[in-house]
Amino acid sequence: MFYEPKNQNHGLPKNPFNSLVIPRPIGWISSIDSDGVFNLAPYSFFNAVCYRPPTVMFSAGASSTDDRNKDTARNVETTGEFVCNLAIWELREQMNLSSATLPPETDEIALAGLTPVGSTLVKAPRIAEAPVQLECKYVKTTLIPGWDHGDGYKVIFGEVIGVHIDDAMITEGGLIDVAKMMPIGRLGYNDYARVDADSIFTIARPG
Ligand SMILES: Cc1cc2nc3c(=O)[nH]c(=O)nc-3n(C[C@H](O)[C@H](O)[C@H](O)COP(=O)(O)O)c2cc1C
């Protein structure tokens, strides 16, 4: 089949786009607002985009009418900081809970029963239970205009300035033990994939 997204002529019961760029890593972003309220939410329009300096991005739905603006984007743009926590199999329910649409004064870290811990270089909290936490400094926002007037996405870039790794997730040989961490990725709809020992394979790159 072929369809043109702008014509929405895929003829399927649900928009398939979310399941066509997969599996997507999930940036589980913790932030703090100007009143000191913690915030946590998953973003699967998320990725690492360069090494030097290590930089990540996530993309948050935005609206000129403010009703669909995400707390995470507002906090990051206001405070200039955020933390990316690694979403793992063991924390899948908490990750999902933290995606609930809630008023800005609700602390989703507490709501999900997770433990906030102080960061080293930023004010945004880290999630103690996550095996990897990337402390990030806001770099810039690129606005992707939407089809509907006033709507769009804010693509937010951040430089990773501090990296926390649970020592238990580092092998004796000094590699990250991905199979032990069991990260999860998004497959669209309400589906996810788990990376574990059975699903990892290795291919040597050509010289
Ligand atoms: C796995 C998953 C991935 C998500 N990815 C995104 C995303 O990339 N961009 C977005 O705007 N919302 C995304 N959402 C929805 C947000 O998590 C949700 O709107 C949340 O309430 C935003 O919280 P905030 O307003 O505290 O930032 C995702 C939800 C889930 C469950």
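FYI, it's all coordinate maths here, none of it is from the lab. Owing to the predicted nature of the structure, the values given are computational and were not obtained by experimental measurement. So basically every Cβ, Gly included, is an ideal-geometry build from the backbone, and we count neighbours across all protein chains shown.
Taking amide hydrogens as placed 1.01 Å from N in the peptide plane, the amide H of Tyr153 sits under 5 Å from those of Ala62, Ile144, Gly146, each at least 5 positions away in sequence or on another chain. With loop defined by DSSP as not H, G, I, E or B, and exposure as at most 15 other Cβ atoms within 10 Å, which is the longest segment of the chain clear of exposed chymotrypsin sites (Phe, Trp or Tyr not before Pro)? Here the longest segment lacking exposed loop sites spans 4-146. A protection proxy built from the mean count of other Cβ atoms within 10 Å ranks the segments 29-35, 194-200, most packed first, as 29-35, 194-200. Tally Lys and Arg at +1 and Asp and Glu at -1 over the other residues with C-beta under 14 Å from the C-beta of Phe46: what net charge comes out? Residues close to Phe46 contribute a combined charge of +4. Entry note, the range 24-194: relative contact order of 26 percent, from Cα contacts under 8 Å with a spacing of 6+ residues.
Multiplying the residue separation of Thr106 and Leu121 by 0.36 nm and removing their Cα-Cα distance gives an extension gain of 3.0 nm. Both radii were evaluated on the Cα set of the range 51-135; the Rg over Rh quotient, with Rh as the Kirkwood radius, amounts to 0.95. Listed from fewest to most Cβ neighbours within 10 Å, the set Asp167, Asp191 follows the order Asp167, Asp191. Fewest neighbouring Cβ atoms within 10 Å first, the residues Glu90, Glu129 line up as Glu90, Glu129. Greater than 27 Å separation of Cα atoms is the criterion. Which listed pairs, Lys6/Lys70; Lys70/Lys180; Lys14/Lys180; Lys140/Lys180; Lys6/Lys154, meet it? Those over the limit are Lys70/Lys180; Lys14/Lys180; Lys140/Lys180. With the cut-off at 1.5 for a/c, could you classify the range 115-202 from its C-alpha gyration tensor as rounded, prolate or oblate? Oblate shape, in that a/c is at least 1.5 and b/c is the bigger or equal ratio.
Against the empirical curve 2.2 N^0.38 Å, the C-alpha radius of gyration of the chain lands at a ratio of 1.06.
Placing +1 on the Cβ of every Lys and Arg and -1 on the Cβ of every Asp and Glu, with no other charges, gives the chain a dipole of roughly 700 debye about its Cα centre.
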